[in-house]
Amino acid sequence: MCGLPDPRKKRGVRHRFAHLLVIMVCSVLAGATSLVEMAEWAADTARDQLAVLGIGTPHATTLGRVLERLDADLLDRLAGSWVQAAATVTAVAIDGKEVRGAKNGGGTRVHLLSGIDQGTGAVLMQQNVAEKHNEITYFKPLLEGVKELTGVIVTADALHTQREHAVYLHGRGAHFVLTVKANQPKLHDQLRSLPWNRIRSGSKTLETANGREIERTIKCVGLAGGINFPHAAQAGQITRKSRPIGARKWNTETVYIVTSLKPAAGKPAHIGALVRGHWAIENGLHWRRDVLYREDHSQVRRGNAPRVMASLRNTAISILRLEGETNLAKATRAARNYPLRALKLAGLTTS
């Protein structure tokens with residue numbers, strides 16, 4: 001986090017700012033979900049290992065005061081720049097999440113729009129969506145945090161299927177795969193009325209997951225004209241059928257997409273993989289922040305602290321993902337049980 005300024009006044013400072021950042025990042029890597037758990041990790045679990053590095057053990061209130069005052073925007077930019085330098089990004093998934101614990105505790109609304117690298121699951125950027133605004137306004141500022149978008153494919157849900165978003169992405173040399181739902185009724189009706197029954201299935205997959213059978217059928221068709229959406233080259237129909245294992249009745253859902261990928265570059269199997277990969281931001285980031293780090297039950301609610309805690313969770317997930325970890329719960333337990341593991345993951349020791 002080099003370049004992040006210390007928000008404290010110099011008088012009375014007992015712990016170096018860099019040392020506090022080490023404790024914050026490493027304790028979250030080890031599964032800390034609160035200020036008390038962060039302080040306990042430093043004072044109990046990792047005391048000896050931190051002492052070797054000359055790092056003391058601050059009180060939870062010290063950590064809290066720093067978290068409340070940190071420049072959260074700069075923290076997200078620095079963390080995102082680090083991930084972008086470490087990962088080869090080919091596809092970015094964008095989605096938002098509200099940190100419910102902050103608002104439920106009487107604090108201000110904290111709604112965060114994030115983008116992850118579909119390849120690794122690491123978090124590339126994050127923006128705070130201000131009160132009385134929605135995610136649409138922050139789509140472009142979020143992607144301004146990605147230095148190079150040429151050739152990158154951006155996936156987003158129906159909220160972001162906006163003409164200005166498509167124009168912006170095209171202007172930066174990027175492609176899009178966007179879901180179309182009833183919030184764009186004319187476009188949705190146009191896509192639904194295409195002669196899908198005369199279009200052959202381009203890809204069909206069958207998998208078993210979480211006690212269910214899931215069958216996906218993907219059809220794609222080139223758009224020569226008539227679809228009023230900027231730079232759309234293809235439309236896609238994704239039919240998802242699912243049923244509990246052993247059941248006879250299928251539940252069917254049909255989703256439409258528009259993409260700037262031409263048929264040669266956006267074959268049905270590739271489009272299907274991008275759409276499935278998009279949900280990694282829900283399952284791999286938002287769900288893990290809630291389940292692994294209990295984000296929506298967090299008691300950290302003052303100042304910038306809720307957002308900074310979300311950024312620290314993002315950083316921990318990114319570090320583990322870039323290390324190739326797939327079972328983050330197991331990796332977090334290892335970092336908790338072996339303090340040197342957490343320090344090594346943060347790049348502070350090689351032993």
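The values are calculated or read from the model by the stated rules, or taken from the named source; none is laboratory data. What you are looking at is a predicted structure, and each value in this text was computed from that prediction instead of being measured. Cβ atoms come from the backbone with ideal geometry, glycine included; neighbour counts cover every protein chain shown. Ligands, DNA and RNA are stripped out before the accessible areas are found, and what is left, the full protein with its side chains, is counted by its heavy atoms. Shrake-Rupley method; radii C 1.70, N 1.55, O 1.52, S 1.80 Å.
Springs between alpha-carbon pairs under 10 angstrom, Gaussian network model over the chain: which of R216, R243, R294 fluctuates most?
Largest GNM mean-square fluctuation: R243.
Let's see if you can work this out: charge +1 on each Lys and Arg Cβ, -1 on each Asp and Glu Cβ, no other charges. What is the dipole magnitude of the chain about its Cα centre, in debye to the nearest 20?
The dipole of the chain has a size of about 420 debye.
Relative contact order for segment 1-58 using alpha-carbon pairs under 8 Å, separation at least 6, rounded to a whole percent?
Answer for segment 1-58 is 30 percent.
Hey, what angle do you get for helix 72-86 against the long axis of the chain, alpha-carbon based, 0 to 90 degrees rounded to 10?
Relative to the chain, helix 72-86 is tipped by roughly 70 degrees.
What does the C-alpha gyration tensor say about the overall shape of segment 1-94? Classify as rounded when a/c is under 1.5, otherwise prolate if a/b is larger than b/c, or oblate.
Prolate shape, in that a/c is at least 1.5 and a/b is the bigger ratio.
Going down the table (K140/K181; K181/K204; K140/K344; K181/K249; K267/K330; K219/K330), which pairs top 31 Å between alpha carbons?
Pairs exceeding 31 Å: K140/K344; K267/K330; K219/K330.
In whole percent, how big is the carbon plus sulfur part of the accessible area of segment 229-328, probe 1.4 Å, protein atoms only?
Carbon with sulfur: 50 percent of the solvent-accessible area.
Can you tell which of G173, G96, G284 shows the greatest fluctuation in a Gaussian network model of the chain with Cα springs below 10 Å?
Among G173, G96, G284, the largest GNM mean-square fluctuation belongs to G173.
Against the 2.2 N^0.38 Å scaling, with N counting residues, where does segment 182-263 land? I'd like the Cα-based Rg ratio to two decimal places. Write out the running numbers ahead of the final one.
Details: Rg = 14.7 Å, N = 82, 2.2 N^0.38 = 11.7 Å.
Computed over Cα atoms of segment 182-263, the ratio equals 1.25.
Once the whole set of protein chains is in place, how much accessible area is left on V154, using a 1.4 Å probe, in Å² to the nearest 10?
0 Å²
What accessible area per residue, rounded to a whole number of Å², is obtained for the chain using a probe radius of 1.4 Å? Don't skip to the answer; put the middle values down first.
Working: 17110 Å² over 351 residues.
Value for the chain: 49 Å² per residue.
Shape of segment 68-171 from its Cα gyration tensor (a ≥ b ≥ c, root eigenvalues): rounded if a/c is under 1.5, otherwise prolate when a/b > b/c, or oblate?
Oblate, because a/c is 1.5 or more while a/b does not exceed b/c.
What ranking do 228-234, 20-26, 30-36 get when scored by the average of other Cβ atoms within 10 Å per residue, highest first?
Averaged packing, sorted descending, gives the order 20-26, 30-36, 228-234.
Given the peptides 305-314, 177-186, 333-342, 120-129, arrange them by the average over their residues of other C-beta atoms within 10 Å, most packed first. Show your work: numbers first, answer last.
On the way: 305-314: 25.3, 177-186: 17.1, 333-342: 19.4, 120-129: 23.6.
Highest mean packing first, the order is 305-314, 120-129, 333-342, 177-186.
Divide, for segment 250-349, the radius of gyration over alpha carbons by 2.2 N^0.38 Å, where N is the residue count.
Normalised by 2.2 N^0.38 Å, the Cα Rg of segment 250-349 equals 1.44.
Where does the chain land on Rg/Rh, using Cα atoms and the Kirkwood Rh?
That ratio equals 1.02.
Can you work out ³J(HN,Hα) from phi for every residue in segment 151-157, in order, using Karplus 6.51 cos²θ - 1.76 cosθ + 1.60 and θ = phi - 60°, giving whole Hz and x for Gly and Pro?
x, 7, 9, 9, 10, 7, 7
What 222 nm value per residue comes from the helices of the chain, counting each DSSP H run with n ≥ 4 as -39,500 (n - 2.57) and dividing by all residues, nearest 500 deg cm²/dmol?
-10500 deg cm²/dmol
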